[in-house]
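Novice: Shown below is the structure under consideration.
The values are calculated or read from the model by the stated rules, or taken from the named source; none is laboratory data. In this text, all values refer to a predicted model and were calculated from it rather than measured experimentally. Cβ sites come from the backbone with ideal geometry, for glycine too, and all protein chains shown count toward neighbours.
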Amino acid sequence: TEEYFIPAAADLIEMPLDNYGIVVCNVDSTNFKPYIQLLNTLNIPWVLFTDGDYYEIKVEKSKKTGNDKNVRVYHIIATGADAHYKGNENIRDILIELNFLEEEDIPSDFSKQDKLFKDIGCFIGEYTLEVDMMNNTDEDGIEILKKVYDELKPGGDEMQENFEEALDTEDYWSALRKIDGNISKGRFAQRLVDELIPELVPNYINEGIEAIVQKVKDSYE
């Protein structure tokens, strides 16, 4: 999704990536460490984007032992329970391994973590890009998502109605499953960028684009 989405978002804020020689590289994982090492060695400016992958801890009884065990529950919207972000945990570990930070430098508060990581060049969402988009946009953005789904869906009215109901009831993970299962996230994103409006772009994407453009400008001064 990001491969299509980020260049289009950059165009919206009048920072077209081609003008600055910036490319979006899909690493097909969250193993950013070797890429950071390579880019730093070559003195190439970079930022990275990754999902927050929010999760909560649920205590369940083990079927084998009968003892309580902690289970990570993903693909939910935050309930106000004890929050965790796999994306933050991954970036924290990478930055410590690469000696950008010491463990004691990293605050426990996630909003403070985000600010610290952004200063280094790491921009982290809350859920996934698609769910962040749905969760933060306005009515116009929701209507665009419905329109794109309608144009790409392989089935009839019932399929469209189910997707629209998921959006209208804020069941965004269900809406994403319908996109991925019936269309594919990449194909949906490829079509969505033709309809993209600023309200569909999460803040961390804009902030990351602005950061890499500034880094490139600074590198030429």
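Novice: Regarding the stretch 93-105, can at least one residue be identified that is surrounded by 14 or more Cβ atoms within 10 Å (Cβ to Cβ), modelled with pLDDT of 95 or more and either under 30 Å from Ile197 (Cβ atoms) or in contact with a Gly (Cβ under 7 Å, 6 or more places away or on another chain) (or both)?
Specialist: no
Novice: Does Asn99 count as in a loop (DSSP other than H, G, I, E, B) and either among the aliphatic types (A, V, I, L, M) or over 13 Å from the mean Cα position of the chain (by Cα) (or both)? Walk me through how you get there before you give the answer.
Specialist: Numbers: in a loop (DSSP other than H, G, I, E, B): yes; either among the aliphatic types (A, V, I, L, M) or over 13 Å from the mean Cα position of the chain (by Cα) (or both): yes.
Yes, satisfied.
Novice: Additional query: Kindly provide the set of residues from the stretch 182-221 that are small (Gly, Ala, Ser) and over 22 Å from Gly52 (Cα atoms), ordered by number.
Specialist: Ser219
Novice: Which of the numbered conditions does Gly155 fail, given that it passes all the others? Conditions: (1) over 21 Å from Ala10 (Cβ atoms); (2) modelled with pLDDT of 95 or more.
Specialist: Gly155 satisfies every listed condition except (2).
Novice: Also: Are any residues in the stretch 20-74 assigned to a strand (DSSP E or B), in contact (Cβ under 8 Å) with a residue 60 or more places away in the chain and of a type in the set (Ser, Thr, Tyr), and if so, which ones?
Specialist: Thr50, Tyr54
Novice: Just a yes or no: is a residue in the stretch 55-73 closer than 27 Å to Phe5 by Cα and surrounded by 14 or more Cβ atoms within 10 Å (Cβ to Cβ)?
Specialist: Taking every residue of the stretch 55-73 in turn, at least one turns out to be closer than 27 Å to Phe5 by Cα and surrounded by 14 or more Cβ atoms within 10 Å (Cβ to Cβ).
Novice: Looking at Arg187, Arg191, can you tell me which residue is assigned to a helix (DSSP H, G or I), of a type outside the set (S, T, N, Q) and either without any contact (Cβ under 8 Å) to a residue 40 or more places away in the chain or surrounded by fewer than 15 Cβ atoms within 10 Å (Cβ to Cβ) (or both)?
Specialist: On the way: Arg191 fails: either without any contact (Cβ under 8 Å) to a residue 40 or more places away in the chain or surrounded by fewer than 15 Cβ atoms within 10 Å (Cβ to Cβ) (or both).
One residue alone meets the criteria, Arg187.
Novice: Shifting gears a bit: Considering only the stretch 28-72, how many residues are among the aliphatic types (A, V, I, L, M) and under 18 Å from the mean Cα position of the chain (by Cα)?
Specialist: Number satisfying all stated conditions: 2.
Novice: What do you reckon, is Gly21 among the small types (Gly, Ala, Ser), under 29 Å from Met134 (Cα atoms) and surrounded by fewer than 19 Cβ atoms within 10 Å (Cβ to Cβ)?
Specialist: no
Novice: Search the stretch 163-182 for residues being buried (at least 20 other Cβ atoms within 10 Å of the Cβ) and either in a loop (DSSP other than H, G, I, E, B) or among the aromatic types (Phe, Trp, Tyr) (or both), and hand back the single one that is farthest from the chain's Cα centre (by Cα).
Specialist: Among those residues, the one meeting the criterion is Phe163.
Novice: Further, regarding this structure: Please find, among Gly87, Gly80, the residue that is surrounded by 10 or more Cβ atoms within 10 Å (Cβ to Cβ) and either touching a strand residue (DSSP E or B) at 6+ places or on another chain (Cβ under 9 Å) or not in a helix (DSSP H, G or I) (or both).
Specialist: Gly87
Novice: In addition: What's the number of the condition Glu165 fails, among (1) touching a strand residue (DSSP E or B) at 6+ places or on another chain (Cβ under 7 Å); (2) free of Cβ contacts under 8 Å to residues at least 60 places away in the same chain?
Specialist: Result: Glu165 passes all but (1).
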